[in-house]
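Student: Encoded as structure tokens, here's the structure I'll be asking about.
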Protein chains: 2
Amino acid sequence: MSDWKKLSSRIVYENAWMKVREDQVIQPGGKSGIYGVVLRKLGVGILAVNEKGQIFVQRDYKYPIGKFLLNIPAGGVEWGDEVLNSAKRELKEEGGLTAQKWTKLGSFYTSPGFTDEFATLYLAEKITEGAMEHEETETLVDHQWMEPKELYRMLDAGELEDPYILVALALARQYLNI
Amino acid sequence: MSDWKKLSSRIVYENAWMKVREDQVIQPGGKSGIYGVVLRKLGVGILAVNEKGQIFVQRDYKYPIGKFLLNIPAGGVEWGDEVLNSAKRELKEEGGLTAQKWTKLGSFYTSPGFTDEFATLYLAEKITEGAMEHEETETLVDHQWMEPKELYRMLDAGELEDPYILVALALARQYLNI
């Protein structure tokens with residue numbers, strides 16, 4: 001049980017990718033105040049592994065931080081779409097890949113102190129490579145198949161900074177031959 | 001190099017914990033549009049390990065998702081404060097703990113598609129237990145020292161959903177006896 005009380009709630013900002021809701025609340029200690037919550041679509045990320053045991057990665061530009069990050073294919077789940085279906089679409093769009101075997105690795109909240117964003121991660125195996133279908137807003141610079149050993153070395157060295165690749169590697173370790 | 005162009009920028013919402021900035025942009029494909037970015041303080045999380053090799057965890061309520069999550073001590077870095085200093089303060093406030101040995105595990109962006117939030121994780125060892133000093137807004141329900149093996153079993157089973165504990169366990173694996 002929570003000791004928070006919500007007195008009222010209003011949307012203070014909205015665009016196609018997020019809503020910001022500001023609640024009037026009574027905090028657990030009894031003080032009144034506000035709580036701002038960013039509402040987001042569900043997220044999905046895919047760790048694709050080929051028959052050699054290599055992992056598909058890409059380096060894409062993240063506008064909010066002005067940096068390229070090494071990542072796995074990931075994106076938002078469209079309203080009304082199923083999460084696994086979105087995963088299949090993202091893998092096709094970003095990697096030109098289709099997979100015959102899908103295993104759910106787990107789910108996580110990206111930053112539950114201020115947003116409801118919830119991401120689900122899949123392991124995709126039995127891969128077929130095809131043509132890519134990028135969205136116009138995506139700036140994909142390069143992609144490659146990497147050895148798991150090298151990715152876990154980078155993880156241990158603190159060289160990976162994207163939450164999808166970090167959590168996916170944490171969850172997939174039990175399935176990979178490393 | 002990015003192919004995004006920022007034409008203008010304005011703050012559309014602000015409270016004590018976040019600012020929302022809306023940019024007018026030209027997308028890589030040449031289309032004009034907007035990009036909403038949530039600006040946040042730096043974050044910090046602490047994986048505290050006692051002399052028995054056990055890890056300090058707590059189950060706290062996350063208002064934005066209306067759920068309790070198993071987590072490690074974590075919080076925001078106050079403006080002007082050093083990250084490590086904030087880590088020491090959080091560990092004292094949330095766990096009543098002080099540590100003599102601090103090791104930086106790494107840093108990650110919590111959701112770089114819409115926020116600049118950047119979190120740093122530390123391993124804290126040579127622990128002394130003391131009294132806790134909760135903030136009024138925190139609803140701490142229970143805390144305990146857990147065996148690493150049990151936490152990694154929960155991780156493998158997809159039972160952990162907080163990004164701080166997930167990424168910290170991924171990064172700390174090389175330091176723990178599991």
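Student: Please determine, by comparing only the residues of region A:121-153 that are over 30 Å from residue B:103 (Cα atoms), at pLDDT 95 or above and in contact with a Leu (Cβ under 8 Å, 6 or more places away or on another chain), which one is most open to solvent (accessible area, probe 1.4 Å).
Tutor: Checked region A:121-153; the qualifying residue most open to solvent (accessible area, probe 1.4 Å) is A:128.
Student: One residue is enough: does region B:72-87 have a residue meeting the conditions more than 13 Å from the chain's Cα centre (by Cα), open to solvent by 20 Å² or more (accessible area, probe 1.4 Å) and within 12 Å of chain A (Cβ to nearest Cβ)?
Tutor: no
Student: Taking residue A:47, is it under 27 Å from residue A:155 (Cβ atoms), crowded, with 19+ Cβ neighbours inside 10 Å and either charged (D, E, K, R) or at the interface with chain B (Cβ under 8 Å from one of its Cβ atoms) (or both)?
Tutor: Values: under 27 Å from residue A:155 (Cβ atoms): yes; crowded, with 19+ Cβ neighbours inside 10 Å: yes; either charged (D, E, K, R) or at the interface with chain B (Cβ under 8 Å from one of its Cβ atoms) (or both): no.
Spelling it out, it is not the case that residue A:47 is under 27 Å from residue A:155 (Cβ atoms), crowded, with 19+ Cβ neighbours inside 10 Å and either charged (D, E, K, R) or at the interface with chain B (Cβ under 8 Å from one of its Cβ atoms) (or both).
Student: Restricting attention to region A:9-18, does a residue exist that is facing another protein chain (nearest Cβ under 8 Å), surrounded by 13 or more Cβ atoms within 10 Å (Cβ to Cβ), hydrophobic (A, V, I, L, M, F, W, C) and closer than 18 Å to residue B:61 by Cα?
Tutor: Step one: list which residues in region A:9-18 are facing another protein chain (nearest Cβ under 8 Å), which gives A:12-13, A:15, A:17-18.
With surrounded by 13 or more Cβ atoms within 10 Å (Cβ to Cβ) added as a condition, the list becomes A:12-13, A:15, A:17-18.
From the residues that got through so far, the ones that are hydrophobic (A, V, I, L, M, F, W, C) too are A:12, A:17-18.
Then keep just the ones that are closer than 18 Å to residue B:61 by Cα; that gives none.
No, the conditions are met nowhere in region A:9-18.
Student: Working only within region B:50-66, note down all residues that are buried (at least 20 other Cβ atoms within 10 Å of the Cβ) and modelled with pLDDT of 95 or more.
Tutor: Listed by number, the residues that qualify are B:55, B:56, B:57, B:58, B:62, B:63, B:64.
Student: Also, quick follow-up: Mind checking which pairs have a first residue in region B:154-178 that is at pLDDT below 95 and a second that is of a type in the set (S, T, N, Q) and crowded, with 24+ Cβ neighbours inside 10 Å, Cβ under 9 Å, 6 or more apart or different chains?
Tutor: Every condition considered, no pair remains.
Student: OK, next. Suppose we filter region A:23-40 for residues that are more than 7 Å from chain B (Cβ to nearest Cβ) and without any contact (Cβ under 8 Å) to a residue 60 or more places away in the chain; how many remain?
Tutor: So the answer is 7.
Student: Given A:92, A:5, which one is over 21 Å from residue B:27 (Cα atoms), within 12 Å of chain B (Cβ to nearest Cβ) and among the charged types (D, E, K, R)?
Tutor: Sole residue among the options that is over 21 Å from residue B:27 (Cα atoms), within 12 Å of chain B (Cβ to nearest Cβ) and among the charged types (D, E, K, R): A:5.
Student: Would you kindly identify the strands (runs of 3 or more DSSP E) lying entirely within region A:58-133 that contain at least 2 residues that are touching an Asp or Glu at 6+ places or on another chain (Cβ under 6 Å) and without any contact (Cβ under 8 Å) to a residue 40 or more places away in the chain?
Tutor: A:97-109
The values are calculated or read from the model by the stated rules, or taken from the named source; none is laboratory data. Keep in mind that this is a model prediction, so the values were computed, not measured. Every residue, glycine as well, gets a Cβ built from its backbone with ideal geometry; the counts of neighbours run over all protein chains shown. In case anyone asks, the SASA skips ligands and DNA or RNA and just uses the protein heavy atoms, side chains included. Shrake-Rupley method; radii C 1.70, N 1.55, O 1.52, S 1.80 Å.
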